[in-house]
1. Counting only protein chains, not ligands or nucleic acids, how are Lys83, Lys20 ordered by accessible area (probe 1.4 Å), most first?
2. How large is the accessible surface per residue of segment 41-87, computed with a 1.4 Å probe and reported in Å² as a whole number?
3. Provide the packing ranking of 54-61, 32-39, i.e. peptides ordered by the mean count of other C-beta atoms within 10 Å per residue, highest first.
4. Across 10 Å bins from 0, what is the distribution of all Cα-Cα pair distances for segment 25-98, in whole percents?
Amino acid sequence: MKLLFALLLSLPLLAGAKQKLPADVAKFIDNAEMCEHFAGEWDDNDKARQREITQAIEQSCGAAQQQLKRLRVKYAKQPEIRKVIDDHANDAVRSFRK
């Protein structure tokens, strides 16, 4: 019960952590998370859904991959932000090929 209460109290702090990041880094995180999500959604049985997933992957993974390159250079001398960027550079983002 105490653990649950402590977790509930910490939720506003966790939500605020993403807000304190630069806007371009927050956008990269959103794209990277969507990229990973859709990369795990592949379904061979439904052709229409496959097209939707492919489009979402190309959009989110492509954007995240471009952002990753730019952000690594931009924040090269800011290790705290660089760590956040690297932590969100998941396999789906790094391995995306159009």
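The values are calculated or read from the model by the stated rules, or taken from the named source; none is laboratory data. All figures in this text were calculated on a predicted structure; none of them were measured in a lab. Cβ sites come from the backbone with ideal geometry, for glycine too, and all protein chains shown count toward neighbours. Accessible surface is based on the protein model in full, side chains and every heavy atom, while ligands, DNA and RNA are left aside. Shrake-Rupley method; radii C 1.70, N 1.55, O 1.52, S 1.80 Å.
1. Details: Lys83 120, Lys20 175 Å².
Result of the area sort, largest leading: Lys20, Lys83.
2. Values: 3340 Å² over 47 residues.
Roughly 71 Å² per residue, with all protein chains present.
3. Values: 54-61: 17.0, 32-39: 19.8.
Ranking, from highest mean packing down: 32-39, 54-61.
4. 21, 48, 22, 7, 1
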